[in-house]
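Okay, so here's the structure we're looking at.
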Amino acid sequence: MKIVIVGAGFTGVQLAKLLINEKNQVALIDNNEDTIRHAQNQLDCTVLCADGNNLETLESVGIHKADALVCVTSSDEVNMITCSLVDAVYPDVLKIARVRNYAYYVNTAAAEKKHGDSFGSNHRPLYGINYMINPDVEAAESIVKAIENGAVGNVLTFDNSDLEIARITVNEKSIFRDVSLKEIRTKTDIKFLVVYVEKGGKTSLPSGDTKIEAGDILGVLVSKEQLVPLMELCGTKAKELRRVALIGAGRIGTIVAEKFLNPQKEAETAGNQGQKGFLKRLTSYVGRKTQDFVIIDSNDVLAKNASEKFPQARVMCADASDENFLREEGITSYDLAICATHNHELNMVLAAYLESLGVGQTISLVTSSAFETIAVKLGVDVPVALRDAVVDSIMSHLRGKSVKEIHTVTNGQMEIVECEIGGESKVNGKALKEISNPGLFLVLLCRQSGIEEYKIVDGNTRLYAGDHVVIIVSGEQSKKVLSYFAGADGE
């Protein structure tokens, strides 16, 4: 694929790195000389210092031959105008824009929902943008997913399935310590599959001879009902999140509260860009487990707005780092604290501080995956990387129609991908034992065409065109493997 990226900030550069690793042709444009110089030192691709919203500039880097345009400058207006400009001349180019203004995002979603029959058939997409990405929404959805799954770590869920992939640390007291994977079945009757293993900062696909050691982090595929028992076997105890404190009533905090307290209303507001299947699951989760939801912010205006918007929650205008306040209000005994202020460094420190005072578990919004390791070492249970959530979302849309969703693991070392088997796929009609390639990829789940539920696969599972599969693969080999499953063009 050939992709033109406008905006060479963190997101643009990270996106370019991932695409270059997959052997895509990438052109990166930015009008800031210092930013471009920094990008040139990191990337092996075309890098141009110029205005990206200029058609001649875009044509000079091959927009007329490009498969996709991604606009991630610091200006929403520039991103939207650039997409509109390209759409008018090159409508077949896929256009993705990061738009930070929540009003733009919500209004666009509402318009698409109202005129859903027209868009996609008789009219061009609004503003010429095929996919509008809002960082706050992506981060909020990641936070709520973590809440839904008990804040046990980064957990991936799948529609119409009780299976999920959880990231669990093996502690000193675990019965799996110093046990190889081929021996692990003798330790428990719980059915689960080890998807990946993190050792010393490096992630790899496991084999039967892989030995589990204290400190290792396992990615495990397990049913929701068996997750807590499996965590306990790994030496980690999980608690029900009956009392939750949300610190930060800004945009992300508000979206989290909206999804948590008013999931059906949020689904209607989000329109076609919402994740209604996820929200339905969240509704039952909230009704089952939550008794007390508190929102805390030191800003008078934000606290007042939250109080008016969420009458079913307790809203307090206070400093969440004030120990006297926390103890007086009983926050120190809460099951979960979500630190989602605009100050990401404060979020990490505050989350660690709250745990030291007695809060059961914490979720902290951080800037990027580079801060995840720091946050975990400080004691944060689940760090949510804002920028990486955006990159994951953009990459999902760039994979082609066959790719439904993509999740990066440990700074993009591994990718977990949901995709559809193409009619021209090389795996069409074959059993997994016929296409097995240990160390390169691992097929985890399969949902047959016409069937809603995902099931764990085995060597005899046969794949056919139209089936949906969940695969884990190294980031560098992702494009190659996906073309193998989806078809030569990935469509």
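The values are calculated or read from the model by the stated rules, or taken from the named source; none is laboratory data. Note that the structure is a prediction, hence the values are computed from the model and not measured. Here the Cβ is made from the backbone with ideal geometry for all residues, glycine too, and neighbour counts use every protein chain on show. Accessible surface is based on the protein model in full, side chains and every heavy atom, while ligands, DNA and RNA are left aside. Shrake-Rupley method; radii C 1.70, N 1.55, O 1.52, S 1.80 Å.
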Next on the checklist: Averaging the inverse of every distinct alpha carbon separation and then flipping it gives the Kirkwood radius. What is it for the stretch 372-471, in angstrom units?
Outcome noted: 15.2 Å
Checklist entry - Expressed as a whole percentage, what fraction of the accessible surface of the chain belongs to carbon and sulfur atoms when a 1.4 Å probe is rolled over the protein heavy atoms? => result 46 percent
Checklist outcome for this item: accessible surface per residue for the chain, probe 1.4 Å, DNA/RNA/ligands not counted, whole Å² -> 44 Å²
Checklist entry - Could you give the nm distance between label points at His342 and Lys2, where each point is 7 Å from its Cα heading toward the beta carbon? => result 4.1 nm
Item to check | Net length gained if the chain between Lys65 and Ala465 were fully extended (0.36 nm per residue, minus Cα distance) | outcome: 141.1 nm
Checklist entry - For Lys199 and Asn171, what is the calculated FRET efficiency with R₀ set at 22 Å and r taken between the beta-carbons, to the nearest 0.05? => result 0.90
Checklist outcome for this item: Plugging the Cβ-Cβ distance of Lys304 and His115 into 1/(1 + (r/R0)^6) at R0 = 35 Å yields, to the nearest 0.05, a FRET efficiency of 0.50
Checklist outcome for this item: Which of Lys377/Lys455; Lys65/Lys430; Lys173/Lys479; Lys191/Lys430; Lys17/Lys145; Lys65/Lys479 exceed 31 Å between C-alpha atoms? The answer is Lys377/Lys455; Lys65/Lys430; Lys173/Lys479
Checklist outcome for this item: Placing each pseudo-label 7 Å from Cα in the direction of the beta carbon, Phe10 and Arg124 end up separated by a distance in nanometres of 3.3 nm
Checklist entry - In the stretch 326-436, what percentage of the DSSP-assigned beta bridges are antiparallel, given to the nearest 5? => result 45 percent
Checklist entry - In debye, nearest 20: dipole of the stretch 9-120 around its Cα centre with unit charges on the Cβ of K, R (+) and D, E (-)? => result 340 debye
Checklist outcome for this item: So Leu357 and Arg37, fully extended at 0.36 nm per residue minus their Cα-Cα distance, gain in nm 110.7 nm
Checklist outcome for this item: Given 348-356, 436-444, the highest-first ranking by average Cβ count within 10 Å works out to 348-356, 436-444
Checklist entry - Does the chain classify as rounded, prolate or oblate by the C-alpha gyration tensor (a ≥ b ≥ c root eigenvalues; a/c under 1.5 gives rounded; else a/b over b/c gives prolate, otherwise oblate)? => result oblate
Checklist outcome for this item: Counting Lys and Arg as +1 and Asp and Glu as -1 over every other residue whose Cβ sits under 11 Å from the Cβ of Thr203, the net charge comes to 0
Checklist entry - Taking the radius of gyration and the Kirkwood hydrodynamic radius from Cα positions alone, what is the Rg/Rh ratio for the stretch 1-83, to two decimal places? => result 0.92
Checklist entry - Between Asp292 and Ala370, what length comes free when the chain is fully extended (0.36 nm per residue of separation minus the Cα-Cα distance, one decimal in nm)? => result 24.8 nm
Checklist entry - Simple spin-label model, 7 Å along Cα-to-Cβ: Asn107 to Glu424 in nm? => result 4.2 nm
Checklist outcome for this item: The FRET efficiency for Asp51 and Val349, from their Cβ-Cβ distance with R0 = 45 Å and rounded to 0.05, is 0.70
Checklist entry - Antiparallel as a % of all DSSP beta bridges within the chain, to the nearest 5? => result 50 percent
Next on the checklist: Given the DSSP H assignment, sum -39500 (n - 2.57) over each helix run of at least 4 residues in the chain and divide by its residue total; what's the result at 222 nm in deg cm²/dmol, nearest 500?
Outcome noted: -10500 deg cm²/dmol
